1. Work out the charge dipole of the range 9-112 with +1 on the Cβ of Lys and Arg and -1 on the Cβ of Asp and Glu about the Cα centre, then indicate which of Y97, V86, A13 is farthest towards its positive end.
2. Report, in debye and to the nearest 20, how large the dipole of the chain comes out about its Cα centre when Lys and Arg carry +1 and Asp and Glu carry -1 on their Cβ.
3. If I stretch the segment between L102 and S82 completely, what's the gain in nm (0.36 nm per residue apart, minus their alpha carbon distance), one decimal?
4. Based on DSSP H runs of at least 4 residues, each adding -39500 (n - 2.57), what is the mean residue ellipticity at 222 nm of the chain after dividing by all its residues, to the nearest 500 deg cm²/dmol?
5. For Kirkwood radius over Cα pairs in Å, which listed value, (1) 18.9; (2) 16.4; (3) 17.0, comes from the coordinates shown?
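Each reported figure results from applying straightforward, stated rules to the coordinates on display, with no laboratory input. Everything numeric here is computed off the predicted structure, so don't read it as measured data. FYI the Cβ positions are ideal-geometry reconstructions off the backbone, even for glycines, and counts take in every protein chain you see.
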Amino acid sequence: MRPFFDSERGATALEFSLLFPAFLTVILFIVEFGQLLWIVNTVNYAVEEAARCGAIDVKSCATTAQIQALASQRAMRLVPASGFTVTSGPVCVSAHYTYPPLGLTFPFRSCHA
């Protein structure tokens, strides 16, 4: 009979149990970071699209409420229509989005003459 400490049975299971939490943490970080990038790009696109529409399309985006509604729709309702600020002159649309899991706030602003 071999001594207990000379046995290598279960070494793979032990290595797996030590490395799996780190591997899972890296995978979840990649997924979370990807989701954050998607949200930031979506809201940024919505702000740019709304500012462009307000500057060019006088029928569909004639009022502040129409511009805000378009921005909220393009942002897939991540930011409500009331969360978009519209100023005239050169049409500027701005918004802030707070990413709930991390509490990070991202400002967005776009102007078109």
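1. V86
2. For the chain, the charge dipole is close to 360 debye.
3. Working: separation 20, 0.36 × 20 = 7.20 nm, distance 2.29 nm.
Length difference between fully extended and current span is 4.9 nm.
4. Details: 2 runs with 57 residues, N = 113.
Taking each H run of at least 4 residues, the total per residue is -18000 deg cm²/dmol.
5. Read-out from the structure maps to (3).
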